[in-house]
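Shown next, in structure tokens, is the structure this report addresses.
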Amino acid sequence: MSADKSTKIETRLAHAGRSPRDHHGVVNPPVYHASTILQPSLAAWEAAGKPGYDGYLYGRFGTPTTRSFETAIAELYGADDAVAVSSGLAAIAVAMTAHTKTGDHVLVTDSAYFPCRKFCETVLRKYGVAISYYDPTVGAGIADLIRPETSLIVTESPGSVTFEIQDIPAIVAAAHARGVKVMTDNTWATALYFNPLDHGVDVVVEAATKYISGHSDVMIGLVAGRGTDTPRLRATAGALGNCSGPDDLYLAQRGLRTMAVRIARNQANGLALARWLQTRPEVARVLHPALPDHPGHALWQRDFRGASGLFSIVLHPVEKPALAAFLDGLKLFGMGASWGGYESLIMPADPRALRSATSWDMPGQLLRIHAGLEDPGDLIADLESGFERLAQAGSRPHMSP
Ligand SMILES: *Cc1c(COP(=O)(O)O)cnc(C)c1O
């Protein structure tokens with residue numbers, strides 16, 4: 001089963017990668033638990049070891065459960081291949097390893113997901129890959145930062161804490177003029193709202209842990225590419241021993257089927273919260289690219305089909321006890337890492353500790369908010385009570401021990 005390419009992505013999300021007729025009519029593909037996969041004959045055994053073999057060889061290289069998810073992802077991105085790996089970070093590591101060798105130089109956006117930076121610093125550097133970080137809003141100016149040995153430019157748009165939108169087509173044009181590949185972390189938008197490959201990007205990674213899975217109970221990542229270097233992605237994941245488990249593959253694939261309606265709701269709730277937060281005197285800035293006063297709004301409007309439910313706010317400076325009173329009493333917003341699930345989250349972050357090429361000069365606390373699927377009025381009421389607690393705690397004299 002598969003909806004043809006002329007259909008909208010919402011339609012393809014429901015159909016891509018499924019083949020009920022191969023499974024007795026069962027709608028969802030079955031979960032294959034496997035390490036050993038038996039070959040029926042010597043001839044088959046020998047064929048399975050040869051390059052280009054596209055059957056099933058060993059659990060680590062995938063089962064029909066793996067392949068149906070990967071087929072769906074490749075179809076959604078219009079990719080030549082998509083590989084499912086153990087987490088979003090593993091997807092970053094596989095894509096970057098596939099596109100670098102000793103002596104190469106990599107340009108990484110200063111707004112990158114922090115563990116990506118850690119991978120660069122602790123692993124790639126050790127193998128003689130030079131890394132430099134660049135201003136996420138550099139656009140065509142990236143051309144001045146490209147060196148003869150630059151092999152890869154890493155983008156993430158918007159940055160998942162500070163929400164700068166990158167001019168991906170301008171970066172791709174400058175990169176390709178010098179034979180440099182471009183990678184995009186597309187976790188925020190998903191294939192639904194932005195397809196980096198359609199804008200010339202060579203490799204896209206996504207933490208399927210987030211919106212694709214959608215229920216905060218799965219770790220899975222994906223790497224997808226277009227062009228002649230794409231086979232390197234699967235080869236690298238295979239060489240590194242990276243794969244993902246059958247139940248997570250199944251759940252991620254099930255999540256795909258409802259992703260369009262969930263993200264539409266995350267988007268609506270996110271915008272309702274962002275607009276309300278803009279009216280609050282406690283809030284200095286709302287960092288949401290779909291708001292007209294966001295510095296990246298025009299680029300977002302040009303390139304994206306929508307916004308997901310993740311954005312940040314910066315409070316006016318408050319004392320720690322007032323911040324704690326605000327956060328600790330929230331009933332609907334959990335404090336925790338990750339996002340993309342059905343539930344709302346709020347998390348403090350300090351961009352100063354996360355960047356090196358650019359500075360962050362807003363003095364107040366940054367809070368990253370994920371708008372879940374709850375009733376938006378209930379979410380606003382929860383935050384409103386939080387601001388009352390914050391005001392009360394702020395007006396009480398702070399007792400030092
Ligand atoms: C969460 C996240 C990742 C990593 O995904 P995991 O599955 O948690 O490893 C990568 N990039 C972005 C932007 C993320 O938010």
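Are there trypsin sites (Lys or Arg not before Pro) in region 236-324 that DSSP puts in a loop and that have at most 16 other Cβ atoms within 10 Å, and which ones?
Counting only loop positions with at most 16 other Cβ atoms within 10 Å, the trypsin sites (Lys or Arg not before Pro) in region 236-324 are ARG305.
Calculate the FRET efficiency for ALA381 and ASP350 from the Cβ-Cβ distance with a Förster distance of 22 Å, rounded to the nearest 0.05.
Result of the calculation: an efficiency of 0.20.
Given that compact globular proteins tend to follow 2.2 N^0.38 Å, what is the ratio of the alpha-carbon Rg of region 258-395 to that value?
1.04
Could you give the length gained by full extension between ALA130 and ASP22, i.e. 0.36 nm per residue of separation minus their alpha carbon distance, to one decimal place? Before the final figure, lay out the partial values.
Working: separation 108, 0.36 × 108 = 38.88 nm, distance 4.82 nm.
Result: 34.1 nm gained on full extension.
Given H placed on each backbone N at 1.01 Å, which residues far from ILE131 in sequence or on other chains put an amide H within less than 5 Å of it?
Excluding prolines and chain starts, which carry no amide H, the hits are VAL106.
Using a Förster radius of 22 Å, what is the FRET efficiency between LYS331 and GLU10 based on their Cβ-Cβ separation? Nearest 0.05, please.
Taking R0 as 22 Å, the efficiency between LYS331 and GLU10 is 0.10.
Enter the mean projected area of the convex hull around the alpha-carbon atoms of region 42-182, in nm², rounded to one decimal.
10.2
Rounded to the nearest 0.05, what FRET efficiency do ALA44 and THR228 have when you use their Cβ-Cβ distance and R0 = 30 Å? Provide the component values of the computation, followed by the final result.
Details: r = 30 Å, r/R0 = 0.99.
The formula returns an efficiency of 0.50 here.
Could I have the simple spin-label model distance between ARG275 and ASP54, label points 7 Å from Cα toward Cβ, reported in nm to one decimal?
4.8
Using only the alpha carbons, work out the radius of gyration and Dmax of region 1-72 in angstrom.
14.8, 45
Counting only Cα atoms, I'd like the Rg/Rh figure for the chain, Kirkwood definition for Rh.
1.00
Coordinate-derived values only; no laboratory data. If you're wondering where the values come from, they're calculated on a predicted model, not measured in any experiment. Neighbour counts run over all protein chains shown; Cβ positions are idealised from the backbone, glycine included.
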